[in-house]
Each structure stands twice: as structure tokens, then as C-alpha cells.
1. Looking at segment 201-246, which of the residues that are among the aromatic types (Phe, Trp, Tyr) and more than 22 Å from residue 160 (Cα to Cα) is farthest from the chain's Cα centre (by Cα)?
2. In segment 158-168, which residue that is open to solvent by 20 Å² or more (accessible area, probe 1.4 Å), out of contact with any Lys or Arg (no Cβ under 9 Å at 6 or more places or on another chain) and of a type in the set (D, E, K, R) is nearest to residue 147 (Cα to Cα)?
3. Here is a list of conditions, (1) open to solvent by 20 Å² or more (accessible area, probe 1.4 Å); (2) in a loop (DSSP other than H, G, I, E, B); (3) polar (S, T, N, Q), and residue 154 meets all of them except one; can you say which number that is?
4. Pairs, please: C-beta under 9 Å, at least 6 apart or cross-chain, first residue closer than 22 Å to residue 220 by Cβ and at pLDDT 90 or above and in segment 145-163, second crowded, with 22+ Cβ neighbours inside 10 Å and of a type in the set (Ser, Thr, Tyr)?
5. Which numbered condition trips up residue 40, out of (1) open to solvent by 70 Å² or more (accessible area, probe 1.4 Å); (2) at pLDDT 95 or above?
6. Do you know which of the residues in segment 7-26 that are in contact with a Ser or Thr (Cβ under 7 Å, 6 or more places away or on another chain) and not in a loop (DSSP other than H, G, I, E, B) is nearest to residue 129 (Cα to Cα)?
7. Out of all the residues in segment 203-226, is one or more over 27 Å from residue 51 (Cα atoms) and in a loop (DSSP other than H, G, I, E, B)?
8. Considering only segment 208-246, how many residues are under 21 Å from residue 38 (Cα atoms) and either open to solvent by less than 30 Å² (accessible area, probe 1.4 Å) or at pLDDT 95 or above (or both)?
Amino acid sequence: MQERNYRTALYEKYVSVQVPEWAEDSTESSAVWCAAALSRLRGWLPPDKDTKCLELGCGSGRLLRALRGVGYSDVRGVDLGPQAVGLARSAGFQITQAGLREYLLESHEDFDLIAAFDVIEHCGKDEVLEVLRLIWERLNPGGILILQTPNALSPWAAPYRYRDLTHELMFSPECMLSTLQLTGFGGIEIREVRPYVHGIKSAGRRLLWQLIRPGCALWGFAENGSANGDVYSRNMMVRAIKQGAF
């Protein structure tokens with residue numbers, strides 16, 4: 001991504017000032033996060049456990065840990081922040097410290113799965129098109145891209161958008177679909193990131209979500225005659241496939 005001074009300043013201390021929970025991860029909290037991620041990714045991951053997997057913006061390596069935990073043997077990550085890279089390396093992962101654009105431009109490896117959780121919202125509009133095209137180039141035919149990114153349709157979109165100084169943009173599911181199609185992807189599926197049940201408290205949250213969620217659809221219908229799709233959680237997950245030639 002293009003050099004911007006505020007990015008450098010924040011990424012240098014990203015764990016300390018933005019996500020201290022990465023450094024405080026307990027075995028239990030890590031296990032819950034991994035189980036939740038795998039549940040939300042059901043049916044999207046390649047069946048071959050020898051698949052080459054890359055996570056862009058891997059942070060402390062939570063997703064890499066989840067993939068390794070279910071048997072994927074070739075998992076690696078890229079991140080710009082030195083604190084995050086240190087945490088991921090200490091967990092035993094092969095991590096490259098680099099900007100995403102620079103890594104994708106310079107890499108000569110192709111992958112079967114590329115994931116980017118909470119990453120593309122940090123790109124500007126021109127940057128995100130270039131990054132998605134570079135990802136397309138680094139995927140093998142039929143390769144899978146999985147994204148997690150804030151959802152502009154959520155009632156909590158604005159505070160989520162502005163919780164991080166380096167957030168540049170936000171997608172609605174409709175915009176996400178068209179952007180991925182523009183950059184050569186097909187087979188696109190979008191899911192909500194709903195509360196994951198792992199105890200009584202989370203079960204109560206899930207029940208409340210199921211009760212509140214129809215109100216989002218009703219709100220949209222009352223305003224403009226449309227429910228605006230069916231993805232209302234503050235984050236959304238997206239699966240896209242490299243199909244044919246770009």
C-alpha cells in the first residue's frame with residue numbers, strides 16, 4: 001500500500017495501542033477465536049490439507065493457528081507491524097514483515113488459499129483494486145480468497161469504520177460483490193459474522209441477535225421497500241474464487 005506517515009506511526013505500535021488483546025491472548029480465548037473462525041468458514045476451506053495457505057495482514061497469527069489446528073501444513077503470513085510479526089513468529093509461524101502490495105508484487109509463489117481478515121478496509125480505493133488484482137495473480141486457478149471486513153449495512157457501521165485511524169473505506173455487501181467481480185473473481189458468497197455460541201453468555205447474545213436482526217431488515221423495507229440483502233452484522237465474511245482469465 002502507498003506510504004502514508006500516519007500508517008507507519010500506528011503500525012509500528014499497532015498491538016500496543018490498537019489491539020492489546022493480541023498480546024494478552026490466553027489459551028482459552030485463542031481456542032474460542034479459532035473455533036468461531038472455523039465455524040464461520042464452514043464449507044469454504046480447501047479439502048486438501050497440503051494446500052498452500054497465505055494470510056495477508058496476519059496480525060498475531062490467530063487465523064494461521066486455526067488453520068494449523070485442523071491440519072493445514074503449509075500456512076504462512078505477511079504483516080507490516082513489527083509487534084504483530086513478533087507475536088506470530090513466537091507462535092512458530094513463517095512470517096514475512098512487509099507491506100501487502102510490496103509482498104504481492106515481489107512474490108513469485110502461487111497459493112491455493114489467500115485470506116485477509118480486517119485488511120482491505122485499510123486500503124484506499126485505488127489501492128484496493130490493485131491489491132485484489134495482485135491477489136488474483138498470486139492465486140492458482142480455482143484458488144480461494146477469503147476476506148473479513150466491516151459491513152457498511154450494519155447499524156454499527158460508523159463507529160466500526162472510525163475505530164481505527166488507518167481505516168480508509170467500508171463496503172456494503174453489494175459493493176463488495178461488484179468490486180470482486182471487477183477484479184476478476186467469481187463464485188462470490190457473503191456471510192454474516194454472528195455471535196459464536198460457546199457458553200451461556202454467548203448463547204444469550206446469539207438469541208438477542210436473532211431477535212434484533214429482523215428489525216434491520218424491517219428498517220430497510222420501511223425506508224425504501226427493500227430489506228437491503230440479509231447481511232447486517234458489523235463484520236462480514238466473503239469467499240471468492242479465481243475463475244478463468246482476468
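1. Top of the filtered list is 221.
2. Among them, the one singled out is 161.
3. Answer for residue 154: the failing condition is (1).
4. Every condition considered, the pairs that remain are 151/232; 153/232; 154/232.
5. Among (1) open to solvent by 70 Å² or more (accessible area, probe 1.4 Å); (2) at pLDDT 95 or above, residue 40 violates only (1).
6. Filtering segment 7-26 for residues that are in contact with a Ser or Thr (Cβ under 7 Å, 6 or more places away or on another chain) and not in a loop (DSSP other than H, G, I, E, B), the one nearest to residue 129 (Cα to Cα) comes out as 7.
7. The answer is yes; a qualifying residue exists.
8. Residues in segment 208-246 being under 21 Å from residue 38 (Cα atoms) and either open to solvent by less than 30 Å² (accessible area, probe 1.4 Å) or at pLDDT 95 or above (or both): 10 in total.
The values are calculated or read from the model by the stated rules, or taken from the named source; none is laboratory data. In this text the structure is predicted, and so the values were computed from the model without any measurement. In this analysis, Cβ positions are derived from the backbone assuming ideal geometry, glycine residues included, and neighbour counts consider all displayed protein chains. These area figures cover heavy atoms from the full protein model, side chains too; ligands, DNA and RNA do not enter into them. Shrake-Rupley method; radii C 1.70, N 1.55, O 1.52, S 1.80 Å.
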